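Participant: Take this structure, written in C-alpha cells, and hold onto it; I'll ask about it next.
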Amino acid sequence: MKKIIEVKGMTCGECSRHVAIELGRVKGVISVSVDLSEGIAELELEHPVNLTKVAYILDDIGYTLGKTIK
C-alpha cells in the first residue's frame, strides 16, 4: 500500500534526507522516497499509518504535513 503526502518546508537535499530517515522510523513504513522538487514523500506501507503521528514527527523536525495526494 502506498501513501503520497505533501511535506512543506524542505529546501535542500539534506532536508529531504532528514525527512526520509525520520518517516522511515514510523511503525508500518517499509520504505520512503522523497522528491524535493515536488515537495512530496511517497511512503510504502505495511499497514495503514496514523497521519496525525506523521504530522507530529514532521513538525518535531521542522517541517509541516500538507495535503494527502494519494
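The values are calculated or read from the model by the stated rules, or taken from the named source; none is laboratory data. If you're wondering where the values come from, they're calculated on a predicted model, not measured in any experiment. Quick reminder, even Gly has a Cβ in these numbers, built from the backbone with ideal geometry, and neighbours come from all protein chains shown.
Participant: So, in the range 3-62, how many residues would count as being assigned to a loop (DSSP other than H, G, I, E, B) and either at pLDDT below 95 or not aliphatic (A, V, I, L, M) (or both)?
Facilitator: Count: 16.
Participant: Condition first: over 13 Å from Ile4 (Cβ atoms), exposed (fewer than 15 other Cβ atoms within 10 Å of the Cβ) and among the β-branched types (Val, Ile, Thr). Now tell me which residues in the range 29-70 satisfy that.
Facilitator: Ile30, Thr52, Ile61, Thr64
Participant: Which residues, counting only those in the range 10-19, are of a type outside the set (Val, Ile, Thr) and surrounded by 15 or more Cβ atoms within 10 Å (Cβ to Cβ)?
Facilitator: Correct list: Met10, Cys15, Ser16, His18.
Participant: Just to be sure, is Val26 under 12 Å from the mean Cα position of the chain (by Cα) and crowded, with 17+ Cβ neighbours inside 10 Å? Give the derivation first.
Facilitator: Values: under 12 Å from the mean Cα position of the chain (by Cα): yes; crowded, with 17+ Cβ neighbours inside 10 Å: no.
When the stated conditions are applied, Val26 does not pass them.
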